[in-house]
1. Working carefully through the options Phe94, Phe102, Phe81, find the one that is modelled with pLDDT of 95 or more, closer than 17 Å to Gly140 by Cα and not in a loop (DSSP other than H, G, I, E, B).
2. Does Arg109 qualify as being surrounded by 19 or more Cβ atoms within 10 Å (Cβ to Cβ), among the charged types (D, E, K, R) and not in a strand (DSSP E or B)?
3. If you go through the range 82-104 one residue at a time, how many are over 19 Å from the mean Cα position of the chain (by Cα) and among the basic types (Lys, Arg)?
4. Enumerate the pairs (first residue in the range 45-59 and touching a residue at least 60 places away in the same chain (Cβ under 8 Å); second residue anywhere and surrounded by fewer than 18 Cβ atoms within 10 Å (Cβ to Cβ) and among the hydrophobic types (A, V, I, L, M, F, W, C)) with beta-carbon separation below 9 Å, excluding pairs fewer than 6 apart on the same chain, so at least 6 apart or on different chains.
5. Taking into account only those residues within the range 9-41 that are touching a His at 6+ places or on another chain (Cβ under 9 Å) and assigned to a loop (DSSP other than H, G, I, E, B), which is surrounded by the fewest Cβ atoms within 10 Å (Cβ to Cβ)?
6. So, of the residues in the range 42-74 that are in a helix (DSSP H, G or I) and of a type outside the set (D, E, K, R), which turns out to be surrounded by the most Cβ atoms within 10 Å (Cβ to Cβ)?
Amino acid sequence: MPRGVAAACRKVIRMTQQFTLHVDDMVAAAEREIENLPVAEAIRLHAAGGATFVDIRDIRELDRDGRVPGAFHCPRGMLEFWVDPKSKYFKPVFGGEGKFVFFCAAGSRSALATQTVQRMGLKPVAHIAGGFGAWKAAGGPITSPDAKG
């Protein structure tokens, strides 16, 4: 990294905005409201079938890092629209039976997403604590980044 860029990155950013709620607080609150599925349990549930795994990572993350076999990809930005049966963007996968297990790269986005869909009325729902990173580290099945689907 060029010297000037590195120095600029170290500068403290002064904010005129006064935030009263921070993302870490939001994630912690979500985790108190939802089921946090330990990765080992998520891997067992995946192997047993019957649950719908929902990957909310950005498509670039899937292409770079790989995928959980059989997981439905729902970009986080479309989640509420795809879940809501009254939305013109509704996806029938969310009208199915069984548990919906959400995950992202590390678990923060999926905690917030799971809280949101639970509040919308989708159930039963859970998220994988630690996300795809924990899944991969625990030896959960993945398809290689170059394999689609």
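1. On the way: Phe94 fails: closer than 17 Å to Gly140 by Cα; Phe81 fails: closer than 17 Å to Gly140 by Cα.
On inspection, the qualifying residue turns out to be Phe102.
2. Details: surrounded by 19 or more Cβ atoms within 10 Å (Cβ to Cβ): yes; among the charged types (D, E, K, R): yes; not in a strand (DSSP E or B): yes.
So Arg109 fits the description; yes.
3. 2
4. From residues that are touching a residue at least 60 places away in the same chain (Cβ under 8 Å), the pairs are Asp55/Phe72.
5. Start the filter on the range 9-41 by keeping residues that are touching a His at 6+ places or on another chain (Cβ under 9 Å), which leaves 30-31, 34-37.
Then drop every residue that is not assigned to a loop (DSSP other than H, G, I, E, B), which leaves 34-35.
Working: Ile34: 22, Glu35: 15.
Here the answer is Glu35.
6. We begin by selecting, within the range 42-74, every residue in a helix (DSSP H, G or I); these are 42-48, 59-65.
Now narrow it down to the ones that are of a type outside the set (D, E, K, R): 42-43, 45-48, 59, 62.
Values: Ala42: 25, Ile43: 19, Leu45: 18, His46: 20, Ala47: 9, Ala48: 8, Ile59: 10, Leu62: 19.
Checking each candidate, the answer is Ala42.
The values are calculated or read from the model by the stated rules, or taken from the named source; none is laboratory data. Given the structure is predicted, the values throughout are model-derived calculations rather than measurements. For neighbour counting, all protein chains shown are included, and Cβ atoms are generated from backbone atoms with ideal geometry for every residue, glycine included.
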